[in-house]
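Asks: One structure coming up, written as structure tokens, with questions to follow.
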Amino acid sequence: MCWIRALAALVSVLAAAVASPRAGAVVNGVEVPCWDRRLDGVGLLISVSPGQTCPGAVSGSCVLIAPNVVLAARHQLGVSTTSPLPSLQQRPLRVRFRRSADGLAVNPVVFNGEPCHGVYQEFSVVSATDAAMPGSDLVMLTLSGTPHGISPIGVEINQPPTSAMPIMIVGWGYAGPCFGTGPSWALRLSRGMMQAHAQVSDVLVFSPCSLWTTEPCQYCPPGGPWVLANLHDSGGAVLIEVPSDQSGAPPQVRLVGTIVTTWAARRPSSWNAFGGLPRIEQAGPVLLADFNADQSTDARDVLDFLNAYWVGDCRCNLTGDDLDVADIFAFLNMFFGQDG
Ligand SMILES: [Ca+2]
Ligand SMILES: [Ca+2]
């Protein structure tokens, strides 16, 4: 499987280039940089009281996989494996994304002491669809609207990771080394290696580490760096980076698992395996120059990019650390489909 090694090497180099090399987990996770719009689709799942709109109680994380659909872990809805889904009238849910419609992004739920600060987009869940596979711990939630400027995260069905390779996990849970400890409720990511033979049927064992409530809280075998999830990362994303379809463009992310425990995820194929509807589809090519994330690429994207660039919008930082003219050329190269 030469291409896997080549891909792993490429992804490893790119990963080192675009983000902190700090290892660990969303345990020890770092906040997702503002410019990394690829991860904006990892949302926070919030339980609210009927009639309440903000802030509610954190139920975990979820991932936008279609314009108005998120995938989450079923146990986040507070029901046992054998119980039916709760009614949304009795248990209203909302999903918050870190980025507002005007492009600003704030990772922590509470910002300047305010949980309802407005720098986010939040939608009610209008329907919940149970997984067809019993015990798969997946649920599909339809939102009341489509987030503006946030692209769904593409799902990798056809080529799941089967060998040791770099992964990242992204979620809103706790960052401490013990279960339910440390700072929480901010969008964080962690990069590391997934061990070989991690794929067990429909389960993806993304970490060989364990997490306990007693000291030492976190145990990891030698090797790594490994990633490890914590409380409220359930529903979050296990992602791989794949080369862009376009030469010179940044790598794209693909969802390969929905976090269901601190060390394991459900592969998206387990939704389809028992005839779950709507089916989860393999991600197609990414529209790299779709700056306003309206699923089409046209002159409006160029105007929106330039307008954002002139006001120093971090979304425009497509190359390196600084926002500079190289970013304009990078965007135009993507727009015209030229090689980098
Ligand atoms: Ca567009
Ligand atoms: Ca730049």
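The values are calculated or read from the model by the stated rules, or taken from the named source; none is laboratory data. Every value quoted in this text rests on a predicted model; they were computed, and no experiment measured them. Please note: Cβ atoms are built from the backbone with ideal geometry, for glycine as well, and neighbour counts cover all protein chains shown.
Asks: Looking at LEU231, LEU189, LEU211, which one is surrounded by fewer than 23 Cβ atoms within 10 Å (Cβ to Cβ), touching a residue at least 40 places away in the same chain (Cβ under 8 Å) and not hydroxyl-bearing (Ser, Thr, Tyr)?
Replies: It is LEU231.
Asks: Quick check: anything in the stretch 244-263 in a helix (DSSP H, G or I), surrounded by fewer than 20 Cβ atoms within 10 Å (Cβ to Cβ) and within 16 Å of ligand 2 (Cβ to nearest atom)?
Replies: Within the stretch 244-263, none of the residues are in a helix (DSSP H, G or I), surrounded by fewer than 20 Cβ atoms within 10 Å (Cβ to Cβ) and within 16 Å of ligand 2 (Cβ to nearest atom).
Asks: Residues that are without any contact (Cβ under 8 Å) to a residue 60 or more places away in the chain: which strands (runs of 3 or more DSSP E) entirely in the stretch 77-170 hold 2 or more of them?
Replies: In the stretch 77-170, the matching strands (runs of 3 or more DSSP E) lie at 93-97, 121-130.
Asks: So ALA299 ticks every box in (1) in contact (Cβ under 8 Å) with a residue 12 or more places away in the chain; (2) within 16 Å of ligand 1 (Cβ to nearest atom) but one. Which box is left unticked?
Replies: Result: ALA299 passes all but (1).
Asks: Six or more apart or on different chains, Cβ atoms under 8 Å: show the pairs whose first residue is in the stretch 317-335 and assigned by TED's automatic domain parsing to the domain that holds ASP304 and whose second is outside any loop (DSSP other than H, G, I, E, B) and away from ligand 1 (no atom under 16 Å from the Cβ).
Replies: From the stretch 317-335, the pairs are ASN317/ASP327; LEU318/ASP327; LEU318/ALA330; THR319/ALA326; THR319/ASP327; THR319/ALA330; GLY320/ALA326; LEU323/CYS314.
Asks: Right, here's the next one. Determine which member of the set VAL139, VAL126, VAL95 is within 24 Å of ASP36 (Cβ to Cβ) and modelled with pLDDT of 95 or more.
Replies: VAL95
Asks: Could you list all residues from the stretch 17-35 that are surrounded by fewer than 20 Cβ atoms within 10 Å (Cβ to Cβ) and either among the charged types (D, E, K, R) or modelled with pLDDT under 85 (or both)?
Replies: Result: ALA17, VAL18, ALA19, SER20, PRO21, ARG22, ALA23, GLU31.
Asks: A further question follows. Please find, within the stretch 275-329, the residue that is farthest from GLN159 (Cα to Cα) out of those that are within 10 Å of ligand 2 (Cβ to nearest atom), of a type in the set (D, E, K, R) and out of contact with any Ser or Thr (no Cβ under 8 Å at 6 or more places or on another chain).
Replies: ASP324
Asks: Looking at the stretch 306-340, which of the residues that are β-branched (Val, Ile, Thr) and not in a helix (DSSP H, G or I) is farthest from ligand 1 (Cβ to nearest atom)?
Replies: My answer is THR319.
Asks: Among the residues of the stretch 276-287, is any within 16 Å of ligand 1 (Cβ to nearest atom) and in contact with a strand residue (DSSP E or B) (Cβ under 6 Å, 6 or more places away or on another chain)?
Replies: Among the residues of the stretch 276-287, at least one is within 16 Å of ligand 1 (Cβ to nearest atom) and in contact with a strand residue (DSSP E or B) (Cβ under 6 Å, 6 or more places away or on another chain), which makes the answer yes.
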